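Chemist: What follows is a structure written as structure tokens; I'll ask about it next.
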Amino acid sequence: MVPSYFHFPISIIMRKKILLSAVTVVVIIITAIAGASVYMLDYSLASDPNRHDVDSAYKVLYHQIPDMKPWIDSLRNRKLLRDTFVTMPSGERHHAILLRNDSAHGRTAVIVHGYKDCSIKFLYLGRMYHRDLGFNILLPDLHGHGLSEGDNIQMGWKDRLDIKRWTEIAAGTFADSTHGTSVVVHGVSMGAATTMCLSGEALPDYVRCFVEDCGYTSVWDEFSGQLSEQFRLPEFPLLYSTSILCRLVNGWSFGEASPLRQVAKCNRPMLFIHGDADTFVPFSMMQRLYDAKRGEKEMWIAKGTHHAASYLDYPHEYTEKVRDFLNVATLHD
């Protein structure tokens, strides 16, 4: 039998051991969450290290839509397809592709690419606007994409201000002294999210309308879905900790980057496009966005279409839906 005078010291020692074990477990958990958050932020927002490979981007475009090559070759032979670099307010140099249409009368489309893509891969929409609809076109590379500077992806949030700058450049570049300037901003996927984020800002009158194709409601919603789909993980705690880390590193949080809230402030016409088989940006998101938008709006659902493939599946219908929308938005004669 242990003498009674040993009971108190043993009790203190046991409590210290339990406390030390608990602290150790907490430190391990916090360290694991911190490490996982760093990994997830890099996994989600690190720029593609091969993003400057222009030749590969053209190969992807030509593989996807083979008849793009003769169109682009013709433009190059006539030296009509131009590259431009502009210094943004952040001090970064950003790149865009420009193409004038002599019959555009100031009508211009600013076309915004998707996640880890670039302006080159979206020249198919440039062709639609230029050849089929008679517009000037400007296709920027977003921060950290294509030939633009930047080391991370901004998911359309800070990008909205860069696209606002590009609309100003487009208006100045393609100004028409007789007809003035009319700009439509058209984005796909993350580019659609960028377009919707822009739509809630104070904008000059020449930005007349918007087309969003398969954009997400918020970065939080999109990452939550991908966290569940790819990693089978719940939102808590990793999405919360990664969002906090994003705020510290990049100056914005996942919840803050909300096209849904921005669309609710939009007072100009918007066309919503989404494939009903889209699971990457769930089709259900379109209805929420459409319902949030006040005023003039239209919706087109591409039947059986997966993510960002509405034009590829239905090029004629897509073109006519955009044409009809622009007629309503008075961007056509």
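Chemist: Provide, as a two-decimal number, the C-alpha radius of gyration of the stretch 83-220 over 2.2 N^0.38 Å, N being how many residues it has.
Modeler: Numbers: Rg = 13.6 Å, N = 138, 2.2 N^0.38 = 14.3 Å.
Ratio of Cα Rg to 2.2 N^0.38 Å: 0.95.
Chemist: Could you please report the charge total around ARG127, scoring K, R as +1 and D, E as -1 over all other residues with beta-carbon less than 12 angstrom from its beta-carbon? Numbers along the way, then the final one.
Modeler: Numbers: positive: LYS69, ARG131; negative: ASP67, ASP132.
Local net charge: 0.
Chemist: Placing +1 at every Lys and Arg Cβ and -1 at every Asp and Glu Cβ, with all other atoms neutral, what dipole size does the chain have around its Cα centre, in debye to the nearest 20?
Modeler: Charge dipole, the chain, about its Cα centre: 700 debye, nearest 20.
Chemist: Please report the orientation-averaged projected area of the stretch 1-120, defined via the convex hull of its C-alpha atoms, in nm².
Modeler: Working: hull surface 62.5 nm².
The number I arrive at for the stretch 1-120 is 15.6 nm².
Chemist: A further question follows. Considering just Cα atoms, how many Å³ per residue does the convex hull of the stretch 266-333 enclose? Write out the running numbers ahead of the final one.
Modeler: Numbers: hull volume 5.3 nm³, N = 68.
In the stretch 266-333, the Cα convex hull volume per residue is 78 Å³.
Chemist: Next question. Which three lengths, in whole Å and largest first, does the stretch 200-333 cover when its Cα atoms are put on their principal axes?
Modeler: Rounded to whole Å, the extents work out to 53, 36, 23 Å.
Chemist: Give me the extension gain from LEU80 to ASN50: residue separation times 0.36 nm, minus the current Cα-Cα distance, reported in nm with one decimal.
Modeler: My answer for the length gained is 8.1 nm.
Chemist: Can you give the angle from 0 to 90° between the axis of helix 159-173 and the longest principal axis of the chain, with both taken from C-alpha atoms, to the nearest 10?
Modeler: Between the helix axis and the principal axis of the chain, the angle is about 20 degrees.
Chemist: With a probe of 1.4 Å, find how much accessible area the stretch 100-221 has per residue, and write the answer as a whole number in Å².
Modeler: 26
Chemist: Additional query: Whole angstrom only: what separates the Cα centroid of the stretch 56-130 from the Cα centroid of the stretch 134-187?
Modeler: Centre-to-centre distance over Cα atoms comes out at 11 Å.
Chemist: So, one more: Output the pairs from LYS164/LYS297; LYS79/LYS158; LYS121/LYS164; LYS69/LYS158 with a Cα-Cα distance over 30 Å in this structure; if there are none, say none.
Modeler: LYS79/LYS158; LYS69/LYS158
Chemist: How far is helix 7-45 tilted, in degrees, relative to the longest principal axis of the Cα atoms in the chain, given as a value from 0 to 90 rounded to the nearest 10?
Modeler: Taking Cα atoms only, the helix is inclined about 10 degrees.
Chemist: Going highest first, how would you order 91-103, 188-200, 205-217, 280-292 by mean Cβ packing within 10 Å? Could you put the intermediate results ahead of the total?
Modeler: Numbers: 91-103: 16.8, 188-200: 28.5, 205-217: 24.6, 280-292: 18.4.
Sorting 91-103, 188-200, 205-217, 280-292 by mean packing, highest first, produces 188-200, 205-217, 280-292, 91-103.
Chemist: So what are the three principal axis dimensions of the stretch 152-231 from its Cα atoms, in whole Å, longest to shortest?
Modeler: Result, largest extent first: 56, 22, 18 Å.
Chemist: Principal axes first, then extents: for the Cα atoms of the stretch 10-78, list largest minus smallest coordinate on each axis, whole Å, largest first.
Modeler: Computed over the Cα atoms, the extents are 89, 18, 11 Å.
Chemist: Further question on the same structure: Straight-line reach from LYS293: which lysines fall under 17 Å, measuring Cα to Cα and dropping same-chain residues less than 8 apart?
Modeler: The reachable lysines, counting only those whose Cα sits under 17 Å from LYS293, are LYS265.
Chemist: Now for a different question. Rounded to the nearest percent, how much of the accessible area of the stretch 1-101 (1.4 Å probe, protein heavy atoms only) is carbon and sulfur?
Modeler: With neighbouring chains kept in place, the figure for the stretch 1-101 is 66 percent.
Chemist: Obtain the radius of gyration and the Kirkwood radius of the stretch 170-210 from its C-alpha atoms and give Rg over Rh. Please report the intermediate quantities before stating the final value.
Modeler: Working: Rg = 11.4 Å, Rh = 11.1 Å.
Dividing the radius of gyration by the Kirkwood radius yields 1.03.
Chemist: OK, next. When all C-alpha to C-alpha distances in the chain are sorted into bins of 20 Å, what percent of pairs does each bin hold, rounded to whole numbers?
Modeler: 30, 51, 11, 6, 2, 0
Chemist: In Å³ and rounded to a whole number, note down the convex hull volume per residue for the Cα atoms of the stretch 233-277.
Modeler: Residue-normalised Cα hull volume stands at 127 Å³.
Chemist: Now, a different point. Could you rank the peptides 131-137, 71-77, 38-44 by their average count of other C-beta atoms within 10 Å per residue, with the highest value first?
Modeler: The densest-packed peptide leads the list: 131-137, 38-44, 71-77.
Chemist: Using Cα atoms only, what is the angle between the long axis of helix 190-199 and the major principal axis of the chain, expressed in degrees (0 to 90) to the nearest 10?
Modeler: 80
The values are calculated or read from the model by the stated rules, or taken from the named source; none is laboratory data. Only a predicted model underlies this, so the values are computations on that prediction, with no experimental measurement involved. Cβ coordinates were reconstructed from backbone atoms using ideal geometry, including for glycine residues, and neighbour counts include every protein chain displayed. Surface areas here come from the heavy atoms of the whole protein model, side chains and all, with no ligands, DNA or RNA. Shrake-Rupley method; radii C 1.70, N 1.55, O 1.52, S 1.80 Å.
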